[in-house]
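All remarks here apply to the structure that follows.
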Amino acid sequence: MTLSLISLLSQDVTALWLLLKTSADEIMHQDIVPLCAADIQEQLKKRFAYLSGGRGQDGSPVITFPDYPAFSEIPDKEFQNVMTYLTSIPSLQDAGIGFILVIDRRQDKWTSVKASVLRIAASFPANLQLVLVLRPTGFFQRTLSDIAFKFNRDDFKMKVPVMMLSSVPELHGYIDKSQLTEDLGGTLDYCHSTWLGHRTAIESFALMVKQTAQMLQTFGTELAETELPNDVQSTSLVLSVHTEKKAKAKEDLQLALKEGNGILESLREPLTESTSHSVNQDQLDNQATVQRLLAQLNETEAAFDEFWAKHQQKLEQCLQLRHFEQGFREVKTTLDSMSQKIATFTDVGNSLAHVQHLLKDLTSFEEKSSVAVDRARALSLEGQQLIENKHYAVDSIHPKCEELQHLCDHFATEITRRRGLLSKSLELHSLLEMSMKWCDEGIFLLASQPVDKCQSQDGAEAALQEIEKFLETGTENKIQELNKIYKEYECILNQDLLEHVQKVFQKQESTEEMFHRRQASLKKLAAKQTRPVQPVAPRPEALTKSPSPSPGSWRSSENSSSEGGALRRGPYRRAKSEMSETRQGRTSSTGDEEESLAILRRHVMNELLDTERAYVEELLCVLEGYAAEMDNPLMAHLISTGLQNKKSILFGNMEEIYHFHNRIFLRDLESCIDCPELVGRCFLERMEEFQIYEKYCQNKPRSESLWRQCSDCPFFQECQKKLDHKLSLDSYLLKPVQRITKYQLLLKEMLKYSKNCEGAEDLQEALSSILGILKAVNDSMHLIAITGYDGNLSDLGKLLMQGSFSVWTDHKKGHTKVKELARFKPMQRHLFLHEKAVLFCKKREENGEGYEKAPSYSYKRSLNMTAVGITENVKGDAKKFEIWYNAREEVYIIQAPTPEIKAAWVNEIRKVLTSQLQACREASQHRALEQSHSLPLPTPSSTSPTKGGNPRNVKKLEDRKTDPLSLEGYVSSSLPKPPDKGKGWSKTSHSLEAPEEDGGWSSAEELINSSDAEEDGGVGPKKLVPGKYTVVMDDGKEGPDALAMRTGDMVEVVEESAEGLWYVRDLTSSKEGWVPASSLSTLLGKSSSAQCLSSSGKTYCARQLCPEPAKILSPEPV
């Protein structure tokens, strides 16, 4: 703090405090009347003596003792109190002259007069100037008083004369009539009750003024002795408490002033009512007293206000300083933490993508840090403002402002320096990438030059021109001078990066050497030849058609000193040496080409192995350095509440992924090091295990959300510090996602160099499988974003496809609005095709970061695939197709973004429907066989719609046990009776009479759509209801009584019995009868549309006659 300013401020406050104290002391040390009117109010009301306010000729106060018969009965204490009080009222100057006593005893006796005068003379507490006694007016008493006064004069010896007056006029000779009250013949206006009220009010006001002054003095002492707190909260509390007390003191002060002004107005009231009214001296003294008290109060208030203003300013500046100091501490801590964190950003990247990621992280860090930097600069400006406002703590504020500015500038400088290094690294890695790309393109060029064409002079010249043209591009794409690179990028060249530069340069030299050797060979071939040269290499077409030699056969020709042929990423000189050794036994261009491709395959294999090992090590590092530490009791205090028991959410199934790669897949890859082209088999054999990545990716949004909430947890910072990681945990949690996408790139690269090798087909299949897994992972990420679906999505089977489409509805039934807008207003829907159902959802875009920005899908409708039909082509648009159900009562017209997407969806839906039909057929045949072996024999004596009791029927029943398609033999009394015509055929008859649409067929009113299970969106087997079906297989039975059905016959299923039989009516032959469900499902199993039916609790698949299958309706609209 600034000592001079503090000292000055303290002096100002002290001076004001002394002024306030002096003013208060002046009020408190005023002479206060020993007795107050309120104390002896009852004694004063007796009016045996009063102070009228009259004055003698020399200004002496007049005390009147009116005629009071009970004067002798007044107690001495009361008499003494009244005398003391009355003599204390006049001013000291008037009281010093002496009092004049007027004793009115005109109606009394001499004996009483004598006693009264003697009592007054003995007890009067002040100076007396004159005693005037109006003696009794009665003749006898007056005579007696004259004689007695003469003879008893010695008894009345007093310090002042006592004058016996016979009449009032004599009294007027001593005191003017204007100074006497009306009862003494005067004109002085006096009211004893008014006088008593004024005296009581004045004395009460004087006491109030004294208490107010005392309160202000106490409060001022408290303020002056208050020490300034050292924190914001305490300072705010002190300021609040003092402000509240100040308001209370001001309120009391205002009440006292109001009271005094009211009394003064009351004293002046007679003058305001009548200007001719005369005011006696006592009234003037009362007004002067009140005015003096009011002036003192005003003076005290002014002193208090000035003192409070200074005190308040001191507290407010103290509060400003505490706020500034608190903000400084917080901002400094944040800036120091940011500076320490940026000091750890020393990694310059090991690849172009890594550097770009580091730059992105730096930008993100700078954006997050900008809040703290802006706050620091704002706080510095706030401090400067305090200094300009002459704050008392300038010496404390100014250094802090300079420190804040320095910290901000230092942080900005570090950010700029760090960005400069990363920009340099980005520039270097871009140069290295260009060089490596140039090398790869060069090797590809050498490998792709046709061998047979190079054997001719023209072909060799053309190939030579290609090489020379390509070498010209090296000026811009390759590293020119290694020393120049060292010097230019010295600031970022660490050991790893230096080795990487050297390896790239070695690869560049190896590539150039290959080109020079190829140039030399081509130049020889391009020279003018003296005889024709017969090409000896087979044509490329022949190479692709002929089987490639096994890896062992071509490897047997290589030099045995290759030590297994394992070429790690980067050892290009070894690759060059190996190429030279391999070429020693070959003279044709075909050998060069095969050698080049083999080297490229080795490069890809080495990169696959190196990155796989690094990946496994990184997973182990995360599991041991982070996941295991979450269970470490010594680290428990660093784990925030929101992170506790959340390890499975944060890391997902990373441990399962680690064990798969470490124990299985890495070893598989290492076994292919000598035969890189066979690596596709490793992927194909482990393709099922790769499904674990789908689970990890599905958990990734939850993991990322948890990381964003707890990324500042000290636990992560401590673990990162122990592991000496440059990147935070979230970068490592992304590794599995990056790895699964990396495989397809490596497989593509390997396939490019293995077209004619033994494992080419496996590589192609592995690539397709990995891409399929990536698609499944991507689809599952969309699937978990579905909201509003009540069922279990896993019950719908595997997700086959998903995508966004425009959808029109065209329903025969429903609201008019749907019909009118069907063809004009498409809905944007996201469709999910499962094995058992297709879902319609509405896509909703979300705001956020990372996975939180991904869209969500609001469930609208589900269609059971057992009831779905499709129309592949819609007129007028090659991108449209239809999904319909229930005799086209509801049709959904789907428009794909492209014809290719439409074709893919139609093919996939067709596959699902075909597989379901096949499954229904197999299930039907299996159930029919089981049913035929389990039904009981009928009773011979039973009655039936056909002739019974014939041994032939028994024979047919026995034959039916081995013939699942037999419909005879179920005619005994054990069979249920046919249903009543009026009851069993009502809905069917209604269906037959219904108008035909869309091919002439319609369904019954209560088809599968009424099923409760289907309304819930289920996909299980559905119970058959009365309806029409077509027969797709002959039963081969003959006879007039047999219910024989032929292919193409129309039948109607009426009712199901408790025994598992169905009552069927053949609409073609008009025959009817009971048929076992197993036989019926077989006969109807190949009709044009599938439908599930239930018989006695067993499920079968049949084909309904309607051209379109029924559709399961969900309760929600599409």
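Summary table below
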{"item": "Tally, over the stretch 802-812, of residues that are assigned to a strand (DSSP E or B) and surrounded by fewer than 18 Cβ atoms within 10 Å (Cβ to Cβ)", "result": "5"}
{"item": "Where His323 falls short, out of the listed (1) within 19 Å of Glu403 (Cα to Cα); (2) in contact with a Ser or Thr (Cβ under 8 Å, 6 or more places away or on another chain)", "result": "(2)"}
{"item": "Tabulated pairs, the stretch 649-667, first under 20 Å from Asp610 (Cα atoms), second modelled with pLDDT under 95 and not in a helix (DSSP H, G or I), C-beta under 6 angstrom, 6+ apart or interchain", "result": "Phe665/Arg686"}
{"item": "Residue list for the stretch 191-215, filter: among the basic types (Lys, Arg) and either under 17 Å from Asp285 (Cβ atoms) or open to solvent by less than 60 Å² (accessible area, probe 1.4 Å) (or both)", "result": "Arg199"}
{"item": "Residue within the stretch 293-313 that is open to solvent by less than 60 Å² (accessible area, probe 1.4 Å), part of a helix (DSSP H, G or I) and of a type in the set (Lys, Arg) present", "result": "no"}
{"item": "2 or more residues among the aromatic types (Phe, Trp, Tyr) and either farther than 22 Å from Arg55 by Cβ or touching a strand residue (DSSP E or B) at 6+ places or on another chain (Cβ under 7 Å) (or both): qualifying helices (runs of 4 or more DSSP H) within the stretch 189-279", "result": "192-225"}
{"item": "Selected residue (only one of Gln480, Gln495 is under 16 Å from Val348 (Cβ atoms) and free of Cβ contacts under 8 Å to residues at least 12 places away in the same chain)", "result": "Gln495"}
{"item": "Test: residue in the stretch 878-885 that is more than 15 Å from His811 (Cβ to Cβ) and surrounded by 22 or more Cβ atoms within 10 Å (Cβ to Cβ)", "result": "yes"}
{"item": "Of residues in the stretch 752-801 being under 18 Å from Arg601 (Cβ atoms) and outside any helix (DSSP H, G or I), the one most open to solvent (accessible area, probe 1.4 Å)", "result": "Lys755"}
{"item": "Output for the stretch 292-343, where each listed residue is in contact (Cβ under 8 Å) with a residue 60 or more places away in the chain and of a type in the set (Ser, Thr, Tyr)", "result": "Thr300, Ser339"}
{"item": "Looking only at the stretch 460-475, and only at residues there that are more than 11 Å from Gln519 (Cβ to Cβ) and touching a residue at least 12 places away in the same chain (Cβ under 8 Å), the one that is farthest from the chain's Cα centre (by Cα)", "result": "Glu461"}
{"item": "Cβ pairs under 6 Å, 6+ apart, first in the stretch 634-645 and in a loop (DSSP other than H, G, I, E, B), second modelled with pLDDT of 85 or more and not charged (D, E, K, R)", "result": "Ile639/Phe715; Ser640/Cys710; Ser640/Cys713"}
{"item": "Cross-chain or 6+ apart pairs with Cβ under 9 Å, the stretch 178-190 first and free of Cβ contacts under 8 Å to residues at least 60 places away in the same chain, then part of a loop (DSSP other than H, G, I, E, B) and small (Gly, Ala, Ser)", "result": "Thr187/Ser278"}
{"item": "Enumerated strands (runs of 3 or more DSSP E) restricted to the stretch 868-932, each holding at least 1 residues that are without any contact (Cβ under 8 Å) to a residue 60 or more places away in the chain", "result": "869-871, 880-885"}
{"item": "Residue list for the stretch 164-189, restricted to those being of a type in the set (Gly, Ala, Ser) and out of contact with any Lys or Arg (no Cβ under 7 Å at 6 or more places or on another chain)", "result": "Ser167, Gly173, Ser178"}
{"item": "Enumerated helices (runs of 4 or more DSSP H) restricted to the stretch 363-473, each holding at least 1 residues that are surrounded by 14 or more Cβ atoms within 10 Å (Cβ to Cβ) and in contact with a Cys (Cβ under 6 Å, 6 or more places away or on another chain)", "result": "457-472"}
{"item": "Residue count for the stretch 99-120, restricted to those that are in contact with a Leu (Cβ under 8 Å, 6 or more places away or on another chain) and assigned to a helix (DSSP H, G or I)", "result": "2"}
{"item": "Residue satisfying all of: in the stretch 85-98; among the β-branched types (Val, Ile, Thr) and part of a helix (DSSP H, G or I); modelled with the lowest pLDDT among these", "result": "Ile97"}
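The values are calculated or read from the model by the stated rules, or taken from the named source; none is laboratory data. It should be emphasised that the depicted structure is a prediction, and the values quoted were computed from it without experimental measurement. Neighbour counts run over all protein chains shown; Cβ positions are idealised from the backbone, glycine included. Heavy atoms of the whole protein, side chains included, go into the accessibility calculation; ligands, DNA and RNA do not. Shrake-Rupley method; radii C 1.70, N 1.55, O 1.52, S 1.80 Å.
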